[in-house]
1. May I ask you to list pairs of residues, at least six apart or on different chains, whose Cβ atoms are under 8 Å apart, with the first in segment 99-112 being touching a residue at least 24 places away in the same chain (Cβ under 8 Å) and the second being surrounded by fewer than 13 Cβ atoms within 10 Å (Cβ to Cβ) and not in a helix (DSSP H, G or I)?
2. Check off (1) in contact (Cβ under 8 Å) with a residue 12 or more places away in the chain; (2) surrounded by fewer than 20 Cβ atoms within 10 Å (Cβ to Cβ) for I73 and give me the number that stays unchecked.
3. How do the pairs read when you match residues in segment 322-349 that are farther than 26 Å from I156 by Cα with residues anywhere that are assigned to a helix (DSSP H, G or I), using Cβ under 7 Å and keeping only pairs 6 or more apart or on different chains?
4. So L276 fits all but one of (1) at pLDDT 90 or above; (2) surrounded by 24 or more Cβ atoms within 10 Å (Cβ to Cβ); what number is the exception?
5. For segment 299-321, name all the residues that are assigned to a loop (DSSP other than H, G, I, E, B), in contact (Cβ under 8 Å) with a residue 12 or more places away in the chain and more than 21 Å from the chain's Cα centre (by Cα).
6. Please state which one of D278, D297 is under 22 Å from I343 (Cα atoms) and acidic (D, E).
7. May I ask you to list the residues in segment 206-219 that are at pLDDT 95 or above and over 17 Å from L16 (Cβ atoms)?
Amino acid sequence: MIWVTCFVASFILVYLLMPIFIRLMEKYKILDSSGGRKIHKGYTAHMGGVVIFVSFAVALFSCILQLISEINIWQLLAFLTLLSIVVILGVRDDMNSLSPWTKLFCEIAIGFLFCCLDIRLYSFYGLFGVGELPLVISYILTIAFIIVVCNAYNLIDGIDGQAGTQALATFIFLSLLISYQISQKELLSHDTFFASSTFWLTVYIAIIGSIGGFLIFNWQPAKIFMGDTGSLFIGTLIAISILMAMNYNGENPVRLCDFQIKSNILVFPMFFFLPLADTLRVFVARMRRGKSPFSADKTHIHHFLLRTGFSHQKTTITTFITQIIIAIVSVFIAFLISDLYYIIYIIFMWVAYVFVLRYTVQRKISKIKHDL
């Protein structure tokens, strides 16, 4: 019952606070203008990530106090404080864009601080015959993963509703995993406050409620964007959530009847496959054209689908359903093959994604030209 309350609280808070926030943004003319690579028209309020975070933090804090008897209040406050720093960094970036190097340095610092809270990848759990990771390697891999996920999430935030729905897909599947861990009443062997599966399920439910409330205002035509404030915050939360999910399943593999999941860790990035795969595809395409992989263009999946005549809504729904299907298939495959073979599956899925996207778009555009 408390988790239902957590979801409802975060959802209602966003629903009530967002209109007030939008009016403030419009009053002080803190608006995102169209032009350049931006698809929207006119001026739209942004930095909606502030309201998402505030609602998430209030719901999480109030519900965690009721769920966990032996709570470490200082570690909980440190967790929320670190996320608030991420939000402040996003606000600064939205108000006056940070240079790529400054932003990278900040993301490295954020990743390091999460590692200091012991929120990191502890082990490879048998992948390549590797178990517990040396502390330095653990820190490096964790920081690198946070940087990759944050930037992939930021790049997928190109049209109304898409970033929010992609995050929803990820957190819904993660919450299903953690629900299993709670049913088994198992904790991680690392003796920290963040070893509690109850804590992480509450995190997922709180953010699902907040994003759900935000999508009401972000659906086409959007009244507000989450901005870098939201994409940096949610991207960071996705990264650390996937890493902790790897730890949970690595130590206590999910079982379904007589079947045990064999892919201890690699199945979980597949819950965020579309943003990661599309970012890699775009980077490879840019380098093949002799350009920097970080150069700006309009070659992401939403740009392609919009060119075929899809609306923002249809594009968002298509990418959301695609991610859901990929996640379901990936979970099924994870019960059949180990992590070593799962690498081959991930490569196959990326190649298939690139081919299907290119074939579908080219065929659709050719049909449109023929009809004209």
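The values are calculated or read from the model by the stated rules, or taken from the named source; none is laboratory data. Everything numeric in this text was worked out from a predicted model, so none of it was measured. Because the Cβ atoms are built from the backbone with ideal geometry, glycine has one as well, and the counts that use them run over all protein chains shown.
1. Between residues of segment 99-112 that are touching a residue at least 24 places away in the same chain (Cβ under 8 Å) and residues that are surrounded by fewer than 13 Cβ atoms within 10 Å (Cβ to Cβ) and not in a helix (DSSP H, G or I), the close pairs are P100/F294.
2. Looking at each condition in turn, I73 falls short on (1).
3. Close Cβ pairs satisfying both conditions: I337/Y345; D339/L127; L340/L127.
4. (2)
5. T308, G309, S311, listed by residue number.
6. Result of the check over D278, D297: D278.
7. Residues satisfying the conditions are I207, I208.
Yes or no, residue by residue, for (1) at pLDDT 85 or above; (2) touching a His at 6+ places or on another chain (Cβ under 9 Å); (3) of a type outside the set (F, W, Y); (4) surrounded by 24 or more Cβ atoms within 10 Å (Cβ to Cβ):
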{"site": "Q166", "(1), (2), (3), (4)": "yes, no, yes, yes"}
{"site": "T170", "(1), (2), (3), (4)": "yes, no, yes, yes"}
{"site": "E186", "(1), (2), (3), (4)": "no, no, yes, no"}
{"site": "F194", "(1), (2), (3), (4)": "no, no, no, no"}
{"site": "T198", "(1), (2), (3), (4)": "no, no, yes, no"}
{"site": "L201", "(1), (2), (3), (4)": "yes, no, yes, no"}
{"site": "T229", "(1), (2), (3), (4)": "yes, yes, yes, yes"}
{"site": "I240", "(1), (2), (3), (4)": "yes, no, yes, yes"}
